[in-house]
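One structure is given here, and the rest of the page talks about it.
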Amino acid sequence: MFTIGEVVIEDQLAGEKFFCDLVKCKGACCTLPGGRGAPLQDSEVEELEKAYPFVQRYLSDQSKRLIKQHGMVEGLPGSYATTCVDDNDCVFVYYEEGIARCAVERAYHQGEIQWRKPLSCHLFPVRISTNGADRVRYEKISECNTARTAGRNLDMPLFKFLKDALIRKYGMAWYEEFYAECERRNSLLSSL
């Protein structure tokens, strides 16, 4: 582990290769079984509510009914998550050519909203837990095997793949320091 500012980071973030291959994984991170959707920061609940009028046009009738009956989010302050359809798909999933995609992100890319999507989604496969200080960890799941293969083939480090999301969370100055430390660690490993 290493620390940048007050953020504790697992070593794997410096060395792992990763690049999402949606054609192969079919958007599996948005459809993981378990019944709990994307973790949300408390402030993101309001963002979802503001985005919903624009996002709903991309959702299935089933998702819209579920939102009407049970809401977009579940949980309590400090532990909100998006609602799931049949304990699998995030309620904001829509399908395009068999690939699970995010309706919130689609509305963002269409210029309809200014908020991209929940930070936990943007950062995936990295998760952040807080216990006094943030702890950034890599969540290695089998559904992302194709992303690891693509990352190795493209020589794309996870820390570069997640640049925008990490800047969104911690800012450019933090990311630049993090980037330099990851490069330093990789250089040391390659010289052994």
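I'd like the distance separating the alpha-carbon centroids of the range 63-118 and the range 133-165, in whole Å.
22 Å
Once label points are set 7 Å from the Cα along Cα→Cβ at both GLN41 and GLN69, what is their separation, rounded to one decimal in nm?
Between GLN41 and GLN69, the label points sit 3.3 nm apart.
With a bin width of 10 angstrom, please list the P(r) values of the range 1-72 as percents of all Cα-Cα pairs, from the 0 bin to the one holding the largest distance.
Result, from short to long distances: 14, 29, 34, 19, 5 percent.
Report the extension gain between ASN88 and GLU176 in nm, rounded to one decimal, defined as 0.36 nm multiplied by the number of residues separating them, less their alpha carbon distance.
28.1 nm
Where the eigenvalues come from the Cα gyration tensor of the range 26-113, what are the semi-axes √(5λ) of the equivalent ellipsoid, largest first, in whole Å?
After diagonalising the Cα gyration tensor, the semi-axes are 18, 16, 12 Å.
Can you tell me how much longer the chain between GLU97 and ARG185 gets when fully stretched, taken as 0.36 nm per residue apart minus their C-alpha distance, in nm with one decimal?
Taking 0.36 nm per residue and subtracting the Cα distance, the gain is 27.7 nm.
So if R0 is 35 Å, what FRET efficiency would LYS24 and GLN110 give, r being the distance between their Cβ atoms, rounded to the nearest 0.05?
Computed FRET efficiency for LYS24 and GLN110 comes out at 0.85.
Over the Cα atoms of the chain, how large are the radius of gyration and the largest Cα-Cα distance (Dmax), in Å?
For the chain, the Cα-based Rg and Dmax read 17.4, 58 Å.
Is there a quick way to get the dipole size of the range 120-174? I mean about its Cα centre, with the Cβ of Lys and Arg at +1 and of Asp and Glu at -1; what is the value in debye to the nearest 20?
The calculated dipole for the range 120-174 is roughly 80 debye.
Readers should treat all values here as calculations from the given coordinates under stated rules, not as data from a laboratory. All figures in this text were calculated on a predicted structure; none of them were measured in a lab. Because the Cβ atoms are built from the backbone with ideal geometry, glycine has one as well, and the counts that use them run over all protein chains shown.
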